[in-house]
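One structure is given below, encoded as structure tokens.
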Amino acid sequence: MPVYSIIQKSQLEGALRLDAEYYQPEYLELENKIKLKNWDYLGNLVIFNRRGIQPKYSELVMPYKAIISQNILEDFLDVDNLPSVEENFFNSIQSQLVKLKQYDILVYTTGANIGRTNIFYPNNVKAIASNHVNIIRSNPDKINQLYLGLFLQSKIGRSWFNRWASGSDQEEIYPDDLSKFPVFIPNVKTQSDLTENLIRSFKLLEESRKIYSKAENLLLEELGLKDFKPEEELSFVVNLSDIKSAHRADAEYFQPKYEKIISKIKNQNAKLLGDLVSMKKGIEPGSEVYQEEGKLFIRVSNLSKHGLVEKDQKYLTEVLYQRLKKDFEPKTGEILLTKDATPGIAYVVKEPIEGIISSGILRLKLKEEDIENEYLALCLNSVIGQMQAERDGGGSIITHWKPEQIKNVLIPILPKSTQQKIADLVKKSHEAYKQAKELLEEAKNKIENLIKNS
């Protein structure tokens, strides 16, 4: 393949783009392939193409949410961690145009992950798009909305985002730029077939969430915490001896809500996490060694309770990976636990991973056989682990959960049969999530093959 392009003056997009990157050979070849088929510019296919707005966030948990750039992942929208928005702002005039409808296409428009695209699949979440997120709605008479979302999410769609992104300090893409994307339009049946797979994947996602919630509810019911609602108290009394024992003097640490949940856990034959597992911390080799391809370098942002996610993914060279793998590569059956930034995210490694974990992640290996690893991971992901992480982290801007604090996390030890029931539900949830991802990848690959292999 040539590494240079010769461009006629008449091809310079009306002199709007003169940068060589825009005219890279792979972009020109892909554009030619699309334009030999049935196609049109995105601007002619949509009825809505608009950037979101800056939300007014609420510190309280509210039913009104905002979609921010961090919620847009490589595969599916992260609907479990949407920030809350003030009710008055959500219902204000300025929010009306950016309220989301089911199957809206959402595009991340600024920064390192520019062009990342998700489809807003839940029909029971009230949300608006933030100012770094673009909303696209298709004209149903011209193209299937879900197909268009798949096209933009595919490698071909990402190529257009990379091509049109502009800016020196921070890349950005605007609604007018999106309008100029050439879009391949297969026949109606092909569009329908592809979107059927996508709808199936959304159903599996919802099934995964329901099963996981069922597992969590079973855990909380067994602990008498089903209806537990942590509430901040404005005033309370703390003994001086407790302050000395905890080596903490901040009021937040002694909020009664923490003691309430700890007392519930203690009633269930609780053990310290440090007695149940051994811990190994990851490594930070330095950002100067990050690569755009190679072996995985797994950071806190790349870990979710369902597994690894491609969020600003970084890589290491083969040579560095080989040097570090003995001490820092996770093993099947271990629990990965985040300790920095967003502490308390736990995931059981299901299959071999060729990669290295960062210093913000711990590898937990069970010492005892009387606890299920999936049960333990759920405890850490639930209110049980999250509130202990919240208490220990305090009010820091960037939270750091120290290994010594993590070793002292209390874990309730329910009967093995109950643990097994909970673990089985978690496994079913993860399996449904995995199937959903496979269906999504299959649909995106079909689009790419339709264009490239014909």
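The values are calculated or read from the model by the stated rules, or taken from the named source; none is laboratory data. Please read these numbers as outputs of a predicted model, since none were measured by experiment. Backbone-built Cβ (ideal geometry, glycine too); neighbour counts: all protein chains shown.
Can you tell me which condition residue 261 does not meet? The list is (1) modelled with pLDDT of 95 or more; (2) of a type outside the set (Lys, Arg); (3) surrounded by 15 or more Cβ atoms within 10 Å (Cβ to Cβ), and all the others hold.
(1)
For segment 181-192, which positions are over 11 Å from residue 146 (Cα atoms) and in a helix (DSSP H, G or I)?
Within segment 181-192, 188, 189, 190 qualify.
Restricting attention to segment 39-60, and to residues there that are part of a strand (DSSP E or B) and aliphatic (A, V, I, L, M), which single residue is surrounded by the fewest Cβ atoms within 10 Å (Cβ to Cβ)?
So the residue we want is 47.
Out of everything in segment 282-309 that is free of Cβ contacts under 8 Å to residues at least 40 places away in the same chain and in a helix (DSSP H, G or I), what residue ends up being nearest to residue 432 (Cα to Cα)?
Looking at the filtered set, the residue picked out is 302.
Could we say that residue 244 is in a helix (DSSP H, G or I), among the basic types (Lys, Arg) and either in contact with a His (Cβ under 7 Å, 6 or more places away or on another chain) or modelled with pLDDT under 85 (or both) here?
Answer is yes for this residue.
Suppose we filter 288, 292, 252 for residues that are modelled with pLDDT of 95 or more and more than 28 Å from residue 365 (Cβ to Cβ); which single one remains?
Exactly one residue qualifies, and that residue is 288.
Looking only at segment 115-125, how many residues end up being of a type in the set (A, V, I, L, M, F, W, C) and over 15 Å from the mean Cα position of the chain (by Cα)?
Number satisfying all stated conditions: 1.
Residues of segment 395-443 being of a type outside the set (A, V, I, L, M), surrounded by 22 or more Cβ atoms within 10 Å (Cβ to Cβ) and not in a helix (DSSP H, G or I), which ones?
Of everything in segment 395-443, just one residue is of a type outside the set (A, V, I, L, M), surrounded by 22 or more Cβ atoms within 10 Å (Cβ to Cβ) and not in a helix (DSSP H, G or I), namely 401.
Condition first: in a strand (DSSP E or B) and either in the same structural domain as residue 310 (by TED's automatic domain parsing) or touching a Phe, Trp or Tyr at 6+ places or on another chain (Cβ under 6 Å) (or both). Now tell me which residues in segment 130-165 satisfy that.
Within segment 130-165, just 137 meets the criteria.
Inside segment 319-372, can you point out the residues that are hydroxyl-bearing (Ser, Thr, Tyr), under 19 Å from residue 385 (Cα atoms) and at pLDDT 95 or above?
Answer for segment 319-372, where residues must be hydroxyl-bearing (Ser, Thr, Tyr), under 19 Å from residue 385 (Cα atoms) and at pLDDT 95 or above: 338, 347.
Inside segment 308-346, can you point out the residues that are acidic (Asp, Glu), more than 14 Å from residue 294 (Cα to Cα) and over 23 Å from the mean Cα position of the chain (by Cα)?
Of everything in segment 308-346, just one residue is acidic (Asp, Glu), more than 14 Å from residue 294 (Cα to Cα) and over 23 Å from the mean Cα position of the chain (by Cα), namely 327.
With respect to residue 349, determine if the residue is in contact with a strand residue (DSSP E or B) (Cβ under 8 Å, 6 or more places away or on another chain), without any contact (Cβ under 8 Å) to a residue 24 or more places away in the chain and not acidic (Asp, Glu).
Yes, satisfied.
Here is a list: 127, 112. Which entry is out of contact with any His (no Cβ under 6 Å at 6 or more places or on another chain) and in a loop (DSSP other than H, G, I, E, B)?
Exactly one residue qualifies, and that residue is 112.
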